Amino acid sequence: MYPEMMIAPMRQELTSAGIAEARTAQEVEAAVNAKGTVMVVVNSVCGCAAGRMRPGVRAAARHSVRPERMITVFAGQDKEATDAARAHFTGYAPSSPSIGILRDGQLVFMMQRSEIEMASPEMIASALARAFEKHCAMEAK
């Protein structure tokens, strides 16, 4: 685990964009099991999280259509929260960073590290915006 003062700015990059931090399994479960849509971002200290994922997620969070809830867990720091989030990413191996969108507790979109590593922040934001429009628009409910 890294010292909290080192990763605090990495956490703030997402929380300042309106993405709530989930630091316990209970907070993850409450967000995921609530009716509607939730984006779950698995944050990380790696370079692809810093240079690609966080900027892409921040841009997507400004899109006109968004999930009803957006939460983030920090891999390698908040172990039980991260494990709880990953338990909902059925069919996918654990990866950091990663982004999942769930509707009524069911995974409907997943972006893993392998996709994030190969994408620019703009590509990530665009893919998330398309997923928001498909899964989070009022008609999708």
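The set of residues in the stretch 65-87 that are in a loop (DSSP other than H, G, I, E, B), at pLDDT 95 or above and either touching a Leu at 6+ places or on another chain (Cβ under 6 Å) or of a type in the set (Gly, Ala, Ser) (or both) contains only 75. Only one of the numbered conditions (1) in contact (Cβ under 8 Å) with a residue 12 or more places away in the chain; (2) in a helix (DSSP H, G or I); (3) over 15 Å from the mean Cα position of the chain (by Cα) is violated by residue 5, and that is (1).
When the residues of the stretch 57-88 are filtered to those that are free of Cβ contacts under 8 Å to residues at least 60 places away in the same chain and among the hydroxyl-bearing types (Ser, Thr, Tyr), the one that is farthest from residue 31 (Cα to Cα) is 64. In the set 84, 119, 59, only one residue is small (Gly, Ala, Ser), in contact with a helix residue (DSSP H, G or I) (Cβ under 7 Å, 6 or more places away or on another chain) and under 17 Å from residue 19 (Cα atoms); that residue is 59.
Being of a type outside the set (Ser, Thr, Tyr), within 21 Å of residue 4 (Cα to Cα) and surrounded by 15 or more Cβ atoms within 10 Å (Cβ to Cβ) is a property that residue 73 has. Scanning the stretch 100-119 for residues that are touching a residue at least 24 places away in the same chain (Cβ under 8 Å) and either part of a loop (DSSP other than H, G, I, E, B) or under 14 Å from the mean Cα position of the chain (by Cα) (or both) yields 100, 101, 102, 103, 104, 105, 108, 109, 113, 116, 119.
The single condition from (1) touching a Pro at 6+ places or on another chain (Cβ under 8 Å); (2) over 17 Å from residue 15 (Cβ atoms) that residue 55 fails is (2). Among residues of the stretch 120-141 that are part of a helix (DSSP H, G or I) and at pLDDT 95 or above, those with a Cβ under 7 angstrom from a residue that is among the aliphatic types (A, V, I, L, M) and surrounded by fewer than 18 Cβ atoms within 10 Å (Cβ to Cβ), sequence gap 6+ or separate chain, pair up as 121/59; 125/59; 132/65; 133/65; 134/140; 135/108. Counting only residues that are crowded, with 24+ Cβ neighbours inside 10 Å and either without any contact (Cβ under 8 Å) to a residue 40 or more places away in the chain or farther than 20 Å from residue 1 by Cβ (or both), the stretch 38-52 holds 3 of them.
The values are calculated or read from the model by the stated rules, or taken from the named source; none is laboratory data. Since we're looking at a predicted model, the values are computed, not measured. Reconstructed Cβ throughout: ideal geometry from the backbone, glycine too, with neighbour counts over all protein chains shown.
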